[in-house]
Every structure is written in structure tokens, then in C-alpha cells.
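Below: the structure, in C-alpha cells.
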Amino acid sequence: MIAQFANRKLYREDFLESTLITVAPTGAEIDKGKVPTLPTTPEEIIQTAIACEAAGAAMVHVHVRDKENRPSLDLGLLTEVVSGLREETNLLVQLSTGGGVDDSYDDRLRVLDASPDSCSLTMGTVNFGNDVFCNPWPFIIELYQRAKDLEVVPEFEIFDLGHLASVPRILDKLGLPFGGVVHCNFVLGVPGGAPGSALTLAGMVGLLPLEVKSWSASGIGRASLPVMMSAIAMGGHLRVGMEDTVHYAAGRRVEHNAELVERASQLANLAQRPAMPVNEARKLLNVA
Ligand code: KMH
Ligand code: ZN
């Protein structure tokens, strides 16, 4: 396994000209009662996606909420939001299969029936604040195979180093994902997971398996800026949004997800890798 990780190129140079920006506008953890600007209804999520696309996002990572604003994996609600996003935006639609820490494996598998372009696929269990985000190996295998059967492109979510080691493990077992492109997203700074620092990200990027064609990163809370800046410096792509941070700066709440996308887009411009248009993002991830 270690030998497999050694001496790899850090990224494909042909994708360094632009930056894929994914927005994760809602998540499952933030309490709408405490953060009223969090988009939770289908209409709010769709309007947010429209604004974020205009600000430079090419993909939206979606969690839905029920009428009481509680996290939900209701298939009807997921289908409604997927079709609304498709009608109103050109964004690649990625559904979370992580859900909330209390969601059942069956409900998480059923998410794929809403026919998203992409799905998140967390590559291992991780402590998650006071909770445990459970992703046992048999569940990972089932989810991966189901995504392949239903022609959904997975994005491998990496919260800790062991998750990265599980990527070649699943490829060895089940082959390449649907579309043939292996794309990872580092989620750093979860209490219990890998810390959200430039050094952590650099170490993990240096250990990316050879099969990985592209990667993005997101820092939780105050890790969002250091992770974003180090990702862009290393040829990575970016995920931002209120799922990951509700603070724009110390003492200043995010008012709209589009602010976070705008800031990512500005950084991408500064790095001379402007926001990737949606059609390019489709090519990058080989999504029709
Ligand atoms: N809400 C977390 C427990 C994902 O979307 O796939 C899991 C999560 C990852 O957010
Ligand atoms: Zn998520």
C-alpha cells in the first residue's frame, strides 16, 4: 500500500487552468433556528443554487430538510430538489449519502434512487464531534456498487488518512467508478477527523493514490480559509458553503452561501485558475 502511494504526480496539469467550485449550502448539522439564513426548503435551496452558480459554482452538494427543518433523506423531497435544480440551474447535482449521523444505511442507499449526477461516498468511519459518523466497509462497498449500477458518479469523501487508503482498496475490489474518473474531496477540521491545516492537506495530497484524477478540499469552521488557500496552491479544487462554515469572518456570520462562493471565486482568480464553467466540470468528472 505504501509503495503504491509513493512518487506520484500531485495533479494532472491539464486541469490546472481552472477551479471547480462546489457549494454545500445546507448540510445536516446546522440548526435553522440558530442560523435563520441557512437554506432548508426546496425553494430556498434552489434559489441559493441559482445565486451560487452565478457566483462561480459548478456543482451543488445537497442535503434536504423536512418541513420542521430537520435533516431528511425522504426520497420524494430529494427527487423534488434534484428536479428543481435541474430545471433552474445547469449545476452538477451531488446528493449527500452521508445524511446525518443518525440516518440508517438503507435510507442512505436509497438516496441514489433520486438520480443525482454525483453522490458523496465517505470512505470510512470517523468521530464526529460527540457522535460517530458510521461508514463500515460492507456499507461502503454496497454504496459504491449501487452508485455504479445506477450510473451515479461518486465523490470519495476523505475525513481522515485511513479513508484515503480505502480508495485504492475499493478500486482493487470493484474497479473504476461509473464514468471512470476518481475524484476525492478532503473534509478537514471535523472534531475527531484530520485537522484542517495546510500541513495536513499537503501530507494527504502527497499520499493520494495514483488512480485519483482530481481532488477538492473543504475546511470546517475556522479551518475553511487555510484549507481553501492551501488547496488552491496545490492544484486542488474547492468546496465551500454553510454546511462547512457559517462564519465569514470572526464575529461575522455568513449571510448567503453565494458570499462564500464569491470569495472562493476571487481566490481562484487571484491564483489565475478562475472558476470552472459547468460544461468543463462535466468533462472533468465525466458526467453527461
Ligand atoms: N453530515 C455528516 C454526518 C456527506 O454529506 O456525505 C456527513 C456528511 C458527509 O455531511
Ligand atoms: Zn454533506
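The values are calculated or read from the model by the stated rules, or taken from the named source; none is laboratory data. In this text, all values refer to a predicted model and were calculated from it rather than measured experimentally. For neighbour counting, all protein chains shown are included, and Cβ atoms are generated from backbone atoms with ideal geometry for every residue, glycine included. Accessible surface areas use protein heavy atoms only, side chains included; no ligands, DNA or RNA. Shrake-Rupley method; radii C 1.70, N 1.55, O 1.52, S 1.80 Å.
Using DSSP loop states and a limit of at most 14 other Cβ atoms within 10 Å to flag trypsin sites (Lys or Arg not before Pro), what is the longest stretch of the chain containing no flagged site?
Here the longest segment lacking exposed loop sites spans 68-288.
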Exercise. Of Ala114, Ala147, Ala57, which has the largest mean-square fluctuation in a 10 Å C-alpha GNM of the chain?
Worked result: Ala114
For this session: Treat each spin label as a single point 7 Å out from the Cα along the C-beta direction, and report the Lys34 to Leu109 distance in nm.
Result: 3.4 nm
Seminar exercise, completed: Quick note, the chain: a/c under 1.5 would make it rounded; otherwise a/b > b/c is prolate and the rest oblate (a ≥ b ≥ c, C-alpha gyration tensor); here it is rounded
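State the antiparallel share, in %, of DSSP beta bridges confined to the chain, rounding to the nearest 5.
Rounded to the nearest five, the antiparallel share is 20 percent.
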Exercise. Hey, in the GNM for the chain with a 10 angstrom Cα cutoff, which one of Pro277, Pro191, Pro71 fluctuates hardest?
Worked result: Pro191
For this session: Using amide H atoms built 1.01 Å from N in the peptide plane, name the residues 5+ places from Phe186, or on other chains, whose amide H lies under 5 Å from its own.
Result: Ile158, Ser216, Ala217, Ser218
Exercise. Where the accessible area of the chain is counted over protein heavy atoms with a 1.4 Å probe, how much of it, in %, is carbon and sulfur?
Worked result: 53 percent
Seminar exercise, completed: Taking the alpha-carbon centre of each part, the distance from segment 140-191 to segment 37-73 in Å is 24 Å
Problem set entry | Residues Leu150 and Lys67, FRET efficiency given R0 of 30 Å [Cβ-Cβ distance, rounded to 0.05] | 0.60
Exercise. Just Glu262, Glu155, Glu88 to compare: in a GNM of the chain, with alpha carbon springs under 10 Å, which one fluctuates most?
Worked result: Glu88
Problem set entry | Accessible area expressed per residue, the chain, with surrounding protein chains retained (probe 1.4 Å, Å²) | 41 Å²
Seminar exercise, completed: Expected unfolding gain across Met234-Leu199 under the 0.36 nm per residue rule, minus the alpha-carbon gap, is 11.4 nm
Exercise. Do any of Lys173/Lys283; Lys67/Lys213; Lys148/Lys213; Lys34/Lys148; Lys34/Lys67 go past 28 Å between their Cα atoms, and which?
Worked result: Lys67/Lys213; Lys34/Lys148
Exercise. By per-residue mean of other Cβ atoms within 10 Å, what is the highest-first order of 78-84, 157-163?
Worked result: 157-163, 78-84
